[in-house]
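Comments concern the structure below.
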Amino acid sequence: FFDGSRPAAPPPRATSLGGATLGDGTGLAGPTSESAVLEAFKLSRSDVQSVPEHTMLPAAVGGELGAGGAPRRELVKPASLEGARSLVSVLSVSTPLLPSGQAIFGQLPACWLDVTGRSDALGARCFFAARRHEHSVFEQLPAECLVKVPMAVSEWQPALDVPSAAEGSLKDAPLAEEEPWVVQLHPAQKELRVLVRPGVLLQRMLRRGSALPAARFTWRIVDTSTAADARGTMAVVPDARRQTASPIGEFSILSNVEDAAHTQPPDFAEFPLRREQLRSLGWMMSQEQRRREPFVTELRESAPFPDAPHWHLEGCLRCEYSGVKGGVLADAIGYGKTACTIGLVNCTTKLPPPLVPSAFSGFIPSRATLVLAPTNLHSQWLAEITKFTGKILKVLSVPTCAQLKRLAVRDLAEADVVVATYRIFYSSPYLRRLQEVARTQKPTFSFSRLPGSAGSCAHNKVQAARAIGDWARCYRGAFEALREWARALPDAVAVTAAAAASQE
């Protein structure tokens, strides 16, 4: 007011929550049913009303219990999962209410209500960060009293054994679509609690489509706002046989200077391998022997907390494979990886074809090494094989499905090298034939839309990851059906039909 006069006092500001308006703290007028109250505030009863809390104990707040903040309890001991759907109560905190909150809570039912991810006045974000909704029904907590990740869950928890190949977890597959975090309010107890369902992360890793052996799953919660690296220290799974590398980005490249050099491949007379390449070849030959110790891999998955994005639930799936051969040749560019690989093929051409496992009866053995290359490197591979070995090796060139269909079964069975391109395996003719075979075992089978193709529905990273996982799972299912289809064929025609199916 430019004349310096004082304005009239503004009318009391109302708090609006999903259609229920509170101006003077009286709440909803007149008697209302429980369902009407919940609907008015856009609340719902939580599906979970009871969870074991035998490891929950009072926690210190702001230096002393309840000093300047709300009394709380938190997980203080490791929490073992009984199954993929197990819920773990991480913490609970008393909710300091403003008068508007007291009026609302007085009308709500005495049960646990789901408030996960709410950004309105009933949202719980103000318990984890200084920012709060302007109409929040909760009192502002001092910065030192904001809820922190309990120390007990910041460490890796006891591992859950996962069935071989995850067959026993198929019934829990829909769990991957659920939210792993749960935030609940209990109006009568004036309490807020945080639950997690780590099995959601387990199912998200299993749906990627990889065939897994017996595996172990563990989890933890990390606070990415702290000075420590969010990836934390080494992922040590209880009772694990050996540990994996430290945080990603801290691997060290070992030199092979002290490795034993292999002899020259038998047909590399004109272009022999260099000394360092022979050392790589020697390592590759040793890797082709079956390993006595298991080959260990780890899958990782994480999910941010909707009410505190700096909190992350992390899952780790540790898998052990027995009888694994091979490896990854990761020498530097220009070191001669192609030449070393051709040398490995040349050194192993006299070995007998592999035995067909009983689970793959109906398939035919082949001694051929399959080389999958980008389209622009297909001709280079053919030229390099000819350069080093001349015409000693029987090489088949299969850049597209058209060339594959021209090959006879015997050609594939007796070849030394088959050089193909990646695009064969997602080309329309190949997928169409694979789908036809799969439908003989699963009549309703169909491939989902290829990720990245025209018309695909992936608009963000989450949808893209989901689409890739769905497609990989379909591809795996098709090959599982192919195995059953080949097994059911009469022995007399099994070889011809199985090979013909893969060619068509």
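The values are calculated or read from the model by the stated rules, or taken from the named source; none is laboratory data. Keep in mind that what you see is a predicted model, and the values were worked out from it rather than measured. Cβ: placed from backbone, ideal geometry, glycine included. Neighbour counts: every protein chain shown. Protein only, heavy atoms only, side chains kept; ligands, DNA and RNA dropped before computing areas. Shrake-Rupley method; radii C 1.70, N 1.55, O 1.52, S 1.80 Å.
Things to note:
- Residue within segment 119-132 that is touching a helix residue (DSSP H, G or I) at 6+ places or on another chain (Cβ under 7 Å) and closer than 23 Å to residue 188 by Cβ present: no
- Residues in segment 132-146 that are in a loop (DSSP other than H, G, I, E, B) and surrounded by 16 or more Cβ atoms within 10 Å (Cβ to Cβ): 132, 133, 135, 136, 137, 141, 146.
- Within the option set 152, 129, being of a type in the set (Gly, Ala, Ser), open to solvent by 10 Å² or more (accessible area, probe 1.4 Å), under 30 Å from residue 81 (Cα atoms) and assigned to a loop (DSSP other than H, G, I, E, B) holds for one residue only, 129.
- Every residue from segment 420-447 that is over 28 Å from residue 396 (Cα atoms) and either open to solvent by less than 40 Å² (accessible area, probe 1.4 Å) or of a type in the set (D, E, K, R) (or both): 439, 442, 445, 447
- Residue within segment 176-191 that is out of contact with any helix residue (DSSP H, G or I) (no Cβ under 7 Å at 6 or more places or on another chain), of a type in the set (Gly, Ala, Ser) and either closer than 30 Å to residue 479 by Cα or modelled with pLDDT under 90 (or both) present: no
- Lone unmet requirement of (1) more than 14 Å from residue 413 (Cα to Cα); (2) open to solvent by less than 50 Å² (accessible area, probe 1.4 Å); (3) within 34 Å of the chain's Cα centre (by Cα); (4) modelled with pLDDT of 90 or more for residue 368: (1)
- Looking only at residues of segment 95-126 that are in contact (Cβ under 8 Å) with a residue 60 or more places away in the chain and assigned to a helix (DSSP H, G or I), we find that the one that is surrounded by the most Cβ atoms within 10 Å (Cβ to Cβ) is 104.
- Output for segment 327-358, where each listed residue is of a type in the set (Gly, Ala, Ser), open to solvent by 40 Å² or more (accessible area, probe 1.4 Å) and either assigned to a helix (DSSP H, G or I) or touching a Gly at 6+ places or on another chain (Cβ under 9 Å) (or both): 358
- Cβ-Cβ under 6 Å pairs, at least 6 apart or on other chains, segment 473-489 side under 13 Å from residue 364 (Cβ atoms) and modelled with pLDDT under 85, far side assigned to a helix (DSSP H, G or I) and open to solvent by less than 60 Å² (accessible area, probe 1.4 Å): 489/497
- Hits in segment 272-296 - residues which are open to solvent by 80 Å² or more (accessible area, probe 1.4 Å) and part of a loop (DSSP other than H, G, I, E, B): 274, 289, 290, 292, 293
- Residues that are charged (D, E, K, R) and over 17 Å from residue 330 (Cβ atoms) were ranked within segment 253-271; the one that is most open to solvent (accessible area, probe 1.4 Å) is 258.
Rundown of residues vs (1) at pLDDT below 55; (2) in contact with a Lys or Arg (Cβ under 8 Å, 6 or more places away or on another chain), yes/no style:
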{"position": "196", "(1), (2)": "no, no"}
{"position": "207", "(1), (2)": "no, yes"}
{"position": "212", "(1), (2)": "no, no"}
{"position": "221", "(1), (2)": "no, no"}
{"position": "225", "(1), (2)": "no, no"}
{"position": "230", "(1), (2)": "yes, no"}
{"position": "240", "(1), (2)": "yes, yes"}
{"position": "245", "(1), (2)": "yes, no"}
{"position": "283", "(1), (2)": "no, no"}
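- Applying the criterion of being touching a Lys or Arg at 6+ places or on another chain (Cβ under 9 Å), part of a loop (DSSP other than H, G, I, E, B) and within 27 Å of residue 432 (Cα to Cα) to the residues of segment 375-416, the residue that is least open to solvent (accessible area, probe 1.4 Å) is 415.
- Pick from segment 297-323, criterion open to solvent by less than 50 Å² (accessible area, probe 1.4 Å) and part of a loop (DSSP other than H, G, I, E, B), ranking: nearest to residue 201 (Cα to Cα): 306
- Test: residue in segment 79-93 that is open to solvent by 80 Å² or more (accessible area, probe 1.4 Å), at pLDDT 50 or above, in a loop (DSSP other than H, G, I, E, B) and of a type outside the set (S, T, N, Q): yes
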